[in-house]
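Here's the structure we're looking at; comments come further down.
The values are calculated or read from the model by the stated rules, or taken from the named source; none is laboratory data. The structure presented is a predicted model; accordingly, all values stated were derived computationally and were not measured. Every residue, glycine as well, gets a Cβ built from its backbone with ideal geometry; the counts of neighbours run over all protein chains shown.
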Amino acid sequence: MFKKTLMIAAIGGVFAAGAAEARDQIRIVGSSTVFPFSTAVAEQFGKTSSFKTPVVESTGSGGGLKLFCAGIGDSHPDITNASRRIKSSEVKKCAGNGITNITEVKVGYDGIAIANSKKAGKFELTLNDIFLALAKDIPAGEGKLKANDNKTWADVRKGLPNVKIEVLGPPPTSGTRDAFAELALEGGCKTIPWIKAMKKKDKKAYKSLCHTVREDGAYIEAGENDNLIVQKLEANPNALGIFGYSFLDQNADKVQGSSIGGKDVTFENIASGDYPVSRALYFYVKTAHVGKVPGIAEFVAEFTSNKAWGDEGYLADKGLIPMPKTERAKFANDAKEFADLNM
Amino acid sequence: MTDQLSNSERIQAGLARRYRAEKRFRLYGIIAVVLAVGFLAVMLSAIGARGFGAFYQTHASLEVTFDEELVKDKDWQGIVKVAMRKSFPDVKARRDKRKLYKLMSSGAGFDLQGMYKADPELLGQTRTVWLPTSDDIDMLMKGQIDRVLAEDDRRVSDKEITWVDQWIASDRIELQFNTRFFTGGDSREPELAGILGAVMGSLLSLTVCLALSFPLGVMTAVYLEEFAPKNKWTDIIEVNINNLAAVPSIVFGLLGLAMFLNFFGMPRSAPLVGGMVLALMTLPTIIIAGRAALRAVPPSIREAALGMGASPIQTVTHHVLPLAMPGMLTGTIIGMAQALGESAPLLMIGMVAFIVDVPAAFTDPATALPVQIYLWADSPERAFSERTSGAIIVLLGFLITMNIIAVFMRKSFERRW
């Protein structure tokens, strides 16, 4: 009995200690795509400043914004990373919890590569090819649809190799998948004039047609781990894989990125916006926490400094595609002043 | 019915078949064991072969001068850069110099900072020191980057390879034991990343887990086995405890998030909360093992103690519990080993995070060993795949130690009647 009483007292004591302690460490949540960049800045910041190293959690863009918008105070994160822009519904949810001032900082770009093993030939795709190969329904003449019956790449378009369509990609929970659907699938979908016209009449049908990935085994959900996809591509030269540019960059000896619309997945092409499947990365700062949790302003300054996100900064080494100089200057200035988000 | 066989003849006829069946059965067993051991050997050797490299890190020898101005500016990496320029005086172009600096780890400067802090006399002096190279050079030295490939296809350019070859020719680059792997916290640079933070996080969590689940588990087991009346209620409790043992661990994480974080407002990513969640998970294991150990104590011992005039509590604390203890501890250690290898429940309470500082208290943010493995496995840098296997080796080492202790305790303390 005595043991038990002692233990209960001990737990109670720790509870009180935990609750009373004010936070002296920045907390960051959000996208797994921004995670490698955010952590690199956090580490650099912790080593070169007098502040503690921020804690960075990888929760996914949606999960991060959910935590971020839950409220103001020590138990809620200060910054969230996102591989897409915040939605107006999320801004509303934030406002409902008293978070009215949010600063948006665009970090740079990330290209999504469609790659295969170096043992096989390089694919030269177009957005239209990607849509016809991977969408659930494809057009069968003007205004008509049919279930996707393309079995090989040669079925999609003459001139492509006669191998089975097998694409390893991220699951629906992933931000990479959202971006892929929006940029590659919808991008290809839009090239068909009558579907493009549909967007104005029936936006819902348009979206479901353009964003739905086929489920008959040609698209294989390979989990969130991009390293795994690279390994599987090496083992199966016929398969293609979808993953972030930084993984392509690190594994250039094993896999090659397909060109899309004649543009290769290179640092230069993504930076200039020529490569069509690339997206912007962001982080959002809770302005109410600035000054309360020590180091937020300094952390944001480190992130937006040229030695971090500049053309030759350490984030570029990690695979981030920097923004053009003028855009960087604009966002660095917004971040400095903690300008409110403008939807 | 004249050719009816006698009983013994019938048995004789079937005997050979029965022997064969028996032999076959034994053979199946042996095949199963060989297969299982084979799989284990393949897994361990694959991890071992890949992870062994993590214990070694490429270092290069540089002549560094603790220049007064640079020390005053705290530009430790600048000292490294000056030393690099001195080592390769032919490199003149700005672009090439940038490449040259990248041969060394961005953490090399911190080593110099540490040296200077330990010995301020170094100011203005020149020393030859071994400093870590960048992860790409490390991979090149370990043969993970193929030199024969076209230049564009590999992370290391031809120029960098010539520089490294110059180093190799003059014996100024070598693989050294990677102490940082065991003494450092996490890092985004593979050559600087260590597992101490994760090990400490696991240790702190397990301490909390043990402090909560062991007394609670033992008390529950003793009450249910020795004192509780056998009725509908105890049956319900028993079914529920057995049920809890089979609940997937992520559910405990969700419970921890809802209860400890949202309701009690405890800190995120803290080993305290991690330990509490893991305690919920280990409790059923300890209770079930504890009850089995108590049941194994023969009733004659209880009856003898009661017959000698001992009270029920004395019977339990003086006689039954000490005899059941080895079995209970074995169950506890196995439960702890399970908790050590668990990462799913920690995801929900924010322990899957990038944390550089090594935790020292129960409320400091921390990760755990399996979480660290998961995070490294997900990193793009190739050198991290080696660290991942290295961390798995360390985790397996801990698990094997714990299980050996459990087997040893069972062998040496358990009494059989």
Residues of the stretch B:200-220 being aliphatic (A, V, I, L, M) and either surrounded by fewer than 20 Cβ atoms within 10 Å (Cβ to Cβ) or out of contact with any Leu (no Cβ under 7 Å at 6 or more places or on another chain) (or both), in sequence order, are B:MET200, B:LEU203, B:LEU204, B:LEU210, B:ALA211, B:LEU212, B:LEU216, B:VAL218, B:MET219
Go through the residues of the stretch B:324-337 one by one and say whether even a single one is under 26 Å from A:VAL55 (Cα atoms), surrounded by 22 or more Cβ atoms within 10 Å (Cβ to Cβ) and touching a residue at least 12 places away in the same chain (Cβ under 8 Å). no
Does at least one position in the stretch A:120-131 carry a residue that is touching a helix residue (DSSP H, G or I) at 6+ places or on another chain (Cβ under 8 Å) and of a type in the set (Asp, Glu)? yes
Among B:SER385, B:SER343, the single one that is under 25 Å from A:PRO36 (Cβ atoms) and more than 10 Å from every other protein chain (Cβ to nearest Cβ) is B:SER343
Enumerated helices (runs of 4 or more DSSP H) restricted to the stretch A:14-102, each holding at least 2 residues that are within 9 Å of chain B (Cβ to nearest Cβ): A:35-48
Any idea which of A:SER272, A:SER278, A:SER259, A:SER305 is closer than 16 Å to A:ALA42 by Cβ and under 23 Å from the mean Cα position of the chain (by Cα)? A:SER305
So for the stretch B:238-255 (the condition being within 14 Å of chain A (Cβ to nearest Cβ) and among the hydrophobic types (A, V, I, L, M, F, W, C)), does at least one residue qualify? yes
Taking B:TYR223 and the conditions (1) exposed (fewer than 15 other Cβ atoms within 10 Å of the Cβ); (2) within 22 Å of B:SER343 (Cβ to Cβ), which numbered condition does it fall short on, given that it satisfies the others? (2)
Can you tell me which residue in the stretch B:347-383 is nearest to A:PRO77 (Cα to Cα), limited to those that are in a loop (DSSP other than H, G, I, E, B) and of a type in the set (Val, Ile, Thr)? B:ILE349
How many residues, within the stretch A:284-301, are within 13 Å of A:ALA42 (Cβ to Cβ) and within 14 Å of chain B (Cβ to nearest Cβ)? 2
Listed residues B:PHE413, B:PHE408, B:PHE362, B:PHE398; which is surrounded by fewer than 23 Cβ atoms within 10 Å (Cβ to Cβ) and free of Cβ contacts under 8 Å to residues at least 24 places away in the same chain? B:PHE408
Return a yes/no flag: does the stretch B:73-80 have any residue that is surrounded by 10 or more Cβ atoms within 10 Å (Cβ to Cβ) and more than 14 Å from chain A (Cβ to nearest Cβ). yes
Selection within the stretch B:114-141 - crowded, with 17+ Cβ neighbours inside 10 Å and either not hydrophobic (A, V, I, L, M, F, W, C) or not assigned by TED's automatic domain parsing to the domain that holds B:ILE173 (or both): B:TYR116, B:PRO132, B:THR133, B:SER134, B:ASP135, B:ASP136, B:ASP138
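Could you check the stretch A:207-233 and list, in sequence order, the residues that are within 14 Å of chain B (Cβ to nearest Cβ), in contact with a helix residue (DSSP H, G or I) (Cβ under 9 Å, 6 or more places away or on another chain) and not in a loop (DSSP other than H, G, I, E, B)?
A:ASP226, A:ASN227, A:LEU228, A:ILE229, A:VAL230, listed by residue number.
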When every residue in the stretch B:170-191 that is touching a Ser or Thr at 6+ places or on another chain (Cβ under 9 Å) and hydrophobic (A, V, I, L, M, F, W, C) is compared, the one farthest from B:ILE355 (Cα to Cα) is B:ILE173
What's the number of the only condition in (1) surrounded by fewer than 24 Cβ atoms within 10 Å (Cβ to Cβ); (2) over 25 Å from A:LYS325 (Cβ atoms); (3) of a type in the set (Lys, Arg) that A:ARG27 fails to meet? (1)
Please determine, by comparing only the residues of the stretch B:183-227 that are closer than 30 Å to B:THR58 by Cα and hydroxyl-bearing (Ser, Thr, Tyr), which one is nearest to the other protein chains (Cβ to nearest Cβ). B:SER187
How many residues of the stretch B:253-284 are surrounded by fewer than 21 Cβ atoms within 10 Å (Cβ to Cβ) and not hydrophobic (A, V, I, L, M, F, W, C)? The answer is 2
Only residues that are touching a residue at least 12 places away in the same chain (Cβ under 8 Å), part of a loop (DSSP other than H, G, I, E, B) and surrounded by 11 or more Cβ atoms within 10 Å (Cβ to Cβ): list them for the stretch A:119-159, please. A:LYS119, A:ALA120, A:GLY121, A:LYS122, A:PHE123, A:THR126, A:LYS136, A:ASN148, A:ASN150, A:LYS151, A:ARG157
Going through B:ILE333, B:ILE393, B:ILE287, B:ILE313 one at a time, which residue ends up being assigned to a helix (DSSP H, G or I), over 32 Å from the mean Cα position of the chain (by Cα) and not polar (S, T, N, Q)? B:ILE313
Looking at (1) closer than 29 Å to A:ALA95 by Cβ; (2) at pLDDT 85 or above, find the lone condition where A:GLY46 falls short. (1)
What single numbered condition from (1) within 11 Å of another protein chain (Cβ to nearest Cβ); (2) within 24 Å of B:LYS142 (Cβ to Cβ); (3) surrounded by 20 or more Cβ atoms within 10 Å (Cβ to Cβ) fails to hold for B:PHE354? (2)
Would you check which residues across the stretch A:234-272 are in a helix (DSSP H, G or I), of a type in the set (A, V, I, L, M) and within 14 Å of chain B (Cβ to nearest Cβ) and list them? A:LEU248
